[in-house]
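A.B. asks: Structure below; questions to follow.
Please treat every number below as a calculation from the coordinates, not as lab data. Source: prediction; values computed, not measured. Note that each Cβ is placed from the backbone with ideal geometry, even for glycine, and that neighbours are counted across all protein chains shown.
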Amino acid sequence: MCGIIGYIGNNNCILHLTNGLKRLEYRGYDSAGIAIINNKELKVYKEKGKLQNLINLLNEKRNEMSNSNIGIGHIRWATHGIPNEINAHPHTTNFAPIAIVHNGIIENYKELKEDLITKGAIFKSETDTEVIAHLIGYEYTQTKDLKTAVINATKQLKGAYALCIINENNPNEIIATKRFAPLIIGKGNNENIIGSDIPAIINITNKVIYLDDNETAIITKEDIKVYDSNNNIINKNIAILNIKEDNLNKDGYKHFMLKEINEQPNIIRNLINSNIVKERIKNLPTNINNIKIIACGTSLHAGIIAKYIIEDITSIPVETESASEYIYRKNTTNKNSLVIGISQSGETADTITALRQAKEKNATTIIITNREDSSICKYGDYILPINAGIEISVAATKSYTAQLITLYLLSIHLSELENKNDIKTKELKSHLNEIPNKMEQILNNTNIIENIAIKLSAYKDFIFISRGTNIGSSMEGALKLKEISYINATAYPAGELKHGPIALLDENIPLIAILIPNHITYDKLISNCQEAKARKAKLIAITSSNDETLTNLFDYIIQIPEISENVSPLITCIPLQLIAYYIANFLGKDVDQPRNLAKSVTVE
Ligand code: AGP
């Protein structure tokens, strides 16, 4: 969690730092800060709350920073210590005139703190990060060379970190290093920039160096030198990024979330038309006899749906599990397992650990991710990029459907590898081709959904139900609503309703049911809705059924195009995303940056 940035060049760094932090706001937004060297003096500015508070402060203090072309910045998602000015980064040390920003978590900070106090460190904050500042400061007193001090200090750290450090004694360089947290260095023209993620640097340059774990870089305005953990200089490739600035703008939409919802048909179209799965998954070992799908949050919901599909068209048993559970139990992964890790960001700590463990057990691994440059990819035998483009809204939408379609295409590929190119698989393929147009049909006519959402916005608790593949959709619909509107929402397989949750039902609980008429459980689901109606619950259907009798049963019907049950999650998710969006928007919530959340959860 958190985003870090560093800039050195000919220009005043303040605008570059705040622009970069703006682009990293999805990583955290409870406090922010910068450190600069202005006229040979180290200065630190921090504010609690949204980045705008820091920008306002910097505007007030503009006169103090007229000559600063080197600086580092941070946007925080609090782990150790509440979000306040003291705990905000950058952190400093009484050992040396240095300032640091940190993304990650230091696990042995308590032991280090005790030791550093005996050496004279004076702690001000409750953060784990301050330990790093003092540790580097102390090492600097020993070596008088900041890069060596950083290498020596980071060897003592347990946990994850990406760090940028500046030193008043040397206003011509930034030191950057990382382990288990992302950090890239952008090479500009007489200016260089460091960031946690591409959006932070892309307006300066598209030439980047990806720092690997335990590497340390000295960045001056003209040069970037990278060293290994033994302090030996190493050669690094410069990669050219192919990302357009437009991807990072709202394009006239009120929120990134709405923009990203509307991008889905084209993303799906491109993935269906690509040959990406066949190109990437070649020579899959033939010994695979079980599949584990491991992910968190929205990605987990995509995996829950994939279990239904893979088991339907192949003979391979599939287990889908939350990464945070998988990593702390004796699971049955072995050399005959295919472990599929799904992560939009590729930086989710639990999912990364799960995939590392799977590799240790000699399983074959596939990573489905939106970020081929992310940390999880090193644990993948095969990488399937979902090519959804950078997703800025904290609530995932387009990455979810891109993961889902990739999982469908992978299922088809697995079935074909099993020589099971049977009628079911062929039908599935042809049904997938219909998805983008059907998504567009819904997206071209959202008024009804918006009106229903506004009427529902007064309720405090929701229940989502479905059967079959759409159980995952119900879970995702409930998650979206919770995340961005802070309304309580729970999802159940409809058959579970009568085993307890029905006790909750009365006129204060809307029940959102996803009903696909060509499915074997359709009538059972209707009965469940009737049982709910008898308890006065407000009933909302998301359905492709034209059955007129439904109008007597349901208070509101959201009609979706006719669709086969097996691919319907790719369609039912659209009204669910829109319901959550319109409710949150109507309630005036911060849709793109919901409270307490951050886009990539890099802590366990
Ligand atoms: C989605 O809306 C959430 N913000 C969250 O559940 C997310 O899907 C989860 O943290 C997993 O992230 P990942 O896909 O980047 O691993």
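A.B. asks: Go ahead and run the numbers for FRET between residue 535 and residue 40, Cβ-Cβ distance against an R0 of 60 Å, rounding to 0.05. It would help to have the intermediate numbers written out before the result.
C.D. replies: Details: r = 72 Å, r/R0 = 1.21.
Taking R0 as 60 Å, the efficiency between residue 535 and residue 40 is 0.25.
A.B. asks: Pairwise over distinct Cα atoms, reciprocal of the mean inverse distance: report the Kirkwood radius of the stretch 28-142 in Å, one decimal place. Before the final figure, lay out each step's value.
C.D. replies: Values: mean 1/r = 0.0689 Å⁻¹.
The Cα-based Kirkwood calculation yields 14.5 Å.
A.B. asks: With just the Cα atoms defining each centre, how far is the stretch 161-194 from the stretch 433-512? Give it in Å.
C.D. replies: 45 Å
A.B. asks: Now a separate question. Multiply the residue gap between residue 231 and residue 156 by 0.36 nm, knock off their C-alpha separation, and tell me the result in nm, one decimal place. Display every interim value, and only then the final one.
C.D. replies: Numbers: separation 75, 0.36 × 75 = 27.00 nm, distance 1.54 nm.
Stretched fully, the residue 231-residue 156 segment lengthens by 25.5 nm.
A.B. asks: Could you tell me how far the Cα centroid of the stretch 17-35 sits from the Cα centroid of the stretch 570-598, in Å?
C.D. replies: After rounding, the separation between the Cα centres reads 23 Å.
A.B. asks: Give the distance, in whole Å, between the Cα centre of the stretch 204-256 and the Cα centre of the stretch 352-409.
C.D. replies: With the stretch 204-256 and the stretch 352-409 each reduced to a Cα centre, they are spaced 21 Å.
A.B. asks: Assigning unit charges at the beta carbon (Lys, Arg +1; Asp, Glu -1) and nothing else, what dipole magnitude in debye, to the nearest 20, does the stretch 221-376 show about its Cα centre? Can you show the working numbers first?
C.D. replies: Values: 20 positive and 19 negative charges, 64 e Å.
Dipole of the stretch 221-376, to the nearest 20 debye: 300 debye.
A.B. asks: Report the net charge of residues surrounding residue 563, where surrounding means a beta-carbon distance below 9 angstrom and charges are Lys +1, Arg +1, Asp -1, Glu -1. Before the final figure, lay out the partial values.
C.D. replies: Working: positive: 438; negative: 434, 562, 565.
For residues surrounding residue 563, the net value is -2.
A.B. asks: In addition: Let's see if you can work this out: charge +1 on each Lys and Arg Cβ, -1 on each Asp and Glu Cβ, no other charges. What is the dipole magnitude of the chain about its Cα centre, in debye to the nearest 20? Spell out each step's value before the answer.
C.D. replies: Numbers: 64 positive and 67 negative charges, 84 e Å.
Dipole about the Cα centre, nearest 20: 400 debye.
A.B. asks: Hey, if you put +1 on the Cβ of every Lys and Arg and -1 on every Asp and Glu Cβ in the chain, which of 544, 339, 580 ends up farthest toward the positive end of that dipole?
C.D. replies: Result: 339.
A.B. asks: Enumerate the aspartates and glutamates that residue 524 could reach by cross-link, defined here as Cα to Cα under 12 Å, with residues fewer than 8 away along the same chain left out.
C.D. replies: Those aspartates and glutamates meeting the cut-off are 496.
A.B. asks: Let me ask you something else. Hey, got a sec? Which GluC sites (Glu not before Pro) in the stretch 496-554 land in a DSSP loop and have at most 14 other Cβ atoms within 10 Å? Display every interim value, and only then the final one.
C.D. replies: On the way: sites: 496, 507, 531, 548; in loops: 507, 548.
Loop-located and lightly packed - 507, 548.
A.B. asks: For the stretch 150-256, I need the span (max minus min coordinate) of the C-alpha atoms along each principal axis, in Å, sorted largest to smallest.
C.D. replies: For the stretch 150-256, the Cα spread along each principal axis is 49, 32, 29 Å.
A.B. asks: For the stretch 76-213: lysine pairs with Cα atoms under 18 Å, gap of 8 or more or different chains, count?
C.D. replies: 15
A.B. asks: Per the helix-only calculation at 222 nm, which mean residue ellipticity applies to the chain, given -39500 (n - 2.57) for every DSSP H run of n ≥ 4 and division by its residues, nearest 500 deg cm²/dmol? Spell out each step's value before the answer.
C.D. replies: On the way: 19 runs with 211 residues, N = 604.
Calculated at 222 nm, the ellipticity per residue is -10500 deg cm²/dmol.
A.B. asks: Amide H neighbours of residue 319 under 5 Å, at least 5 residues apart or on other chains, H built in the peptide plane: list them.
C.D. replies: Under 5 Å from the amide H of residue 319 lie the amide H atoms of 291, 292, 293, each far enough along the sequence or on another chain.
A.B. asks: Next question, about the same structure. Taking the Cβ of each residue in 164, 377, 529, 13 as the centre, tally the other Cβ atoms inside 10 Å and list the residues starting with the fewest.
C.D. replies: The most exposed by this proxy come first: 377, 529, 13, 164.
A.B. asks: Go through the stretch 338-353 residue by residue and turn each phi into a ³J(HN,Hα) via Karplus (6.51, -1.76, 1.60, θ = phi - 60°); whole Hz please, and just put x for glycine and proline.
C.D. replies: For the stretch 338-353, the Karplus curve yields 9, 9, 9, x, 10, 7, 3, 7, x, 10, 5, 4, 4, 5, 4, 4 Hz.
A.B. asks: In nm, to one decimal, how far is the residue 254 label point from the residue 53 one, both placed 7 Å along Cα→Cβ?
C.D. replies: 2.6 nm
A.B. asks: To continue, here is another question. Long-range amide H contacts for residue 368: which residues qualify at under 5 Å (H placed 1.01 Å from N, peptide plane, sequence gap of 5 or more or a different chain)?
C.D. replies: 341, 342, 343, 384
A.B. asks: So, one more: Which whole-number percent gives the relative contact order of the chain, counting Cα pairs below 8 Å spaced six or more residues apart?
C.D. replies: Numbers: 1356 pairs, mean separation 70.2, N = 604.
Relative contact order of the chain: 12 percent.
A.B. asks: Additional query: Rounded to the nearest angstrom and ordered from largest down, what semi-axes does the equivalent ellipsoid of the stretch 263-325 get from its C-alpha gyration tensor (root of 5λ)? Walk me through the intermediate numbers first.
C.D. replies: On the way: eigenvalues 94, 70, 25 Å².
In descending order, the three semi-axes are 22, 19, 11 Å.
A.B. asks: Rounded to the nearest whole Å³, what is the per residue volume of the convex hull around the Cα atoms of the stretch 85-238? Kindly include the intermediate steps, with their values, before the conclusion.
C.D. replies: Working: hull volume 16.1 nm³, N = 154.
Spread over its residues, the Cα hull of the stretch 85-238 gives 105 Å³ apiece.
A.B. asks: Given the Cα-Cα distance of residue 448 and residue 362 and 0.36 nm per residue of separation, how much length would full extension add, in nm? It would help to have the intermediate numbers written out before the result.
C.D. replies: Working: separation 86, 0.36 × 86 = 30.96 nm, distance 5.10 nm.
Computed gain between residue 448 and residue 362 is 25.9 nm.
A.B. asks: Between residue 223 and residue 94, what FRET efficiency follows from the Cβ-Cβ distance if R0 is 30 Å, with the result rounded to 0.05? Walk me through the numbers on the way to the answer.
C.D. replies: Working: r = 31 Å, r/R0 = 1.03.
In this case the efficiency is close to 0.45.
A.B. asks: Could you give me D for the stretch 435-495, from Stokes-Einstein at 37 °C and 0.692 mPa s, where the hydrodynamic radius is the Kirkwood radius over C-alpha pairs? Units µm² s⁻¹, please.
C.D. replies: Working: Rh = 12.8 Å.
In µm²/s, the coefficient rounds to 256.
A.B. asks: For the stretch 276-293, take each phi angle, set θ = phi - 60°, evaluate the Karplus expression 6.51 cos²θ - 1.76 cosθ + 1.60, and give the result in whole Hz per residue in order, putting x for glycine and proline.
C.D. replies: 4, 5, 5, 5, 8, 9, 10, 6, 5, x, 8, 7, 5, 10, 7, 10, 10, 10
A.B. asks: Further question: How much length would be gained if the chain were fully extended between residue 387 and residue 316, taking 0.36 nm per residue of separation minus their Cα-Cα distance, in nm to one decimal? It would help to have the intermediate numbers written out before the result.
C.D. replies: Values: separation 71, 0.36 × 71 = 25.56 nm, distance 2.71 nm.
Extra length available between residue 387 and residue 316 comes to 22.9 nm.
A.B. asks: List residues of the stretch 129-147, by number, whose backbone nitrogen lies under 20 Å from a label position 7 Å along Cα→C-beta of residue 604.
C.D. replies: 129
A.B. asks: With charges set only on the Cβ (+1 for Lys and Arg, -1 for Asp and Glu), what does the dipole of the stretch 98-165 come to about its Cα centre, in debye to the nearest 20?
C.D. replies: Details: 8 positive and 9 negative charges, 37 e Å.
Computed about the Cα centre, the dipole is about 180 debye.
A.B. asks: Next question, about the same structure. Would you pull out the residues with amide H under 5 Å of residue 380's amide H, same chain only if 5 or more places away, H placed 1.01 Å from N?
C.D. replies: none
A.B. asks: Can you spot the aspartates and glutamates whose alpha carbon is less than 19 Å from residue 335's alpha carbon? Ignore those fewer than 8 places along the same chain.
C.D. replies: Partners found: 319, 321, 360, 381, 418.
A.B. asks: When only DSSP loop residues count, what trypsin sites (Lys or Arg not before Pro) in the stretch 314-403 have their Cβ near at most 15 other Cβ atoms within 10 Å? Could the numbers behind the result be given before it?
C.D. replies: On the way: sites: 329, 330, 335, 356, 359, 361, 371, 378, 398; in loops: 329, 330, 335, 361, 371.
Here the trypsin sites (Lys or Arg not before Pro) that fit, given the DSSP loop and packing criteria, are 329, 330, 335, 361.
A.B. asks: Report the dimensions of the chain along its three principal axes from the alpha-carbon atoms, largest first, rounded to Å.
C.D. replies: Principal axes ranked by extent give 79, 54, 44 Å for the Cα atoms.
A.B. asks: Report, to two decimal places, the Cα Rg of the stretch 383-436 normalised by 2.2 N^0.38 Å (N = number of residues).
C.D. replies: Working: Rg = 13.3 Å, N = 54, 2.2 N^0.38 = 10.0 Å.
My calculation over the Cα atoms of the stretch 383-436 gives 1.33.
A.B. asks: Keeping to pairs on different chains or 8 or more places apart, tell me how many lysine pairs in the stretch 376-473 have Cα atoms under 20 Å apart. Please list the in-between numbers first.
C.D. replies: Working: 398/438; 420/429; 426/438; 429/438.
So the count works out to 4.
A.B. asks: I'd like the Karplus ³J(HN,Hα) series for the stretch 580-593: coefficients 6.51, -1.76, 1.60, θ = phi - 60°, whole numbers in Hz, and an x wherever there's a Gly or Pro.
C.D. replies: Using θ = phi - 60°, the values come out as 4, 4, 5, 5, 4, 5, 4, 7, x, 7, 7, 4, 7, 10 Hz.
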